[in-house]
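Notes for the one structure printed next.
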Amino acid sequence: MAAQHLRWRPAPAVRPYADWYTGYDQRGMPPGRHRGLPSPYLTLIVTLWEPLRIAAHPDPAAPAGSYETLVGGLHTTPAIVAAGGAGIQVALSPLGARALLGLPAGELAGRDLDAGCVLGPLAAELRERVCLTTGWAERFRIVDEVLTRRADPACAPAPEVTFAWRRLCATGGTVGPAELAGETGWSARYLSRRFGIEIGLSPKVAARVTRFDRARRRLQDSGGRYPLAELAVACGYYDQAHLTREFSALAGVPPARWWAEEFRNVQAPVDLAGAGSADDR
């Protein structure tokens, strides 16, 4: 039996803060482990029925544990997650952390927390409601409703941080820190400090993570068939060796091994965006 992954576009009120929701169902899969890789997104996970089991966190000092709901910040090393179970994963922009979570993303950098520690009783309410609902579309709409209720549009980072983050993401992490600082009108040191508070990573490290995320998604979308030398050039690496070194540093394994371990029994994601109305999906 192949694992199931379904993608949904958030409601308009949530889109400034979250890029997509992913529903996953890995019940019945053989025991194994999944690498939660560094990416430009914070993670909110709401499990269905069984808790999420994390064997190793990005913070090596954090003990292994089980979570019914989880919030994770940006990180530069993988989390090791026990395969199995089902749930919904929300890809949160760090620019939306204040609005949705009530704190800057920097306070979550490198950390995984029970979502109740951040969202309070709302985390338990969200999980209870999605567990009682059948059908992915309705589960996603519940997430929309709860996050819309939670969002505070008045809470936002400084415009300079917002501009710098969006520019970094738009270039796939290929813009340099000095150039980025010059475009904001801030010094490189001041931008780095504000970035650390609002995003959780320095501009230089955030660029590494963004570039890596771009490369691994292209590799994933190609079914593992993207030639690594071409992938390196397309994503702004010096050469294939540079790509492999960065991939190994951020994923813990080189690209070919990651692909073989991660997708041997996983079917391609299904985009459910068309399942909603044309007006709001």
field: Virtual spin-label span in nm between ALA124 and ALA249, 7 Å along Cα→Cβ
entry: 4.3
Relative contact order (percent, whole number), the chain, Cα cutoff 8 Å, 6+ residue spacing: 22
statement: Full extension between PHE263 and ASP152 adds, at 0.36 nm per residue less the Cα distance, a length in nm of 36.2 nm
- line: Nearest-0.05 FRET efficiency for LEU103 and GLU50 at R0 = 41 Å, using Cβ-Cβ distance, is 0.90
- line: re region 4-154: pairs of Cα atoms spaced beyond 28 Å account for a percent value of 11
Mean shadow area of the chain, taken as a quarter of the surface of its Cα convex hull (nm²): 14.5
statement: For SER39, the residues 5 or more places away or on another chain with a placed amide H closer than 5 Å to its own amide H are HIS75
field: Translational D in µm²/s for region 103-246 (Stokes-Einstein at 37 °C, 0.692 mPa s, Kirkwood Rh from C-alpha pairs)
entry: 184
- line: Most exposed to least, judged by fewest other Cβ atoms within 10 Å, THR134, THR244 sort to THR134, THR244
field: Mean ellipticity per residue at 222 nm, deg cm²/dmol - from DSSP H runs of n ≥ 4 across the chain, formula -39500 (n - 2.57)
entry: -12000 deg cm²/dmol
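Computed from the coordinates by the stated procedures, all read-outs in this text should not be read as laboratory data. Because the structure is a prediction, the values reported are computed rather than measured. Note that we place each Cβ from the backbone using ideal geometry, even for glycine, and neighbour counts take in every protein chain shown.
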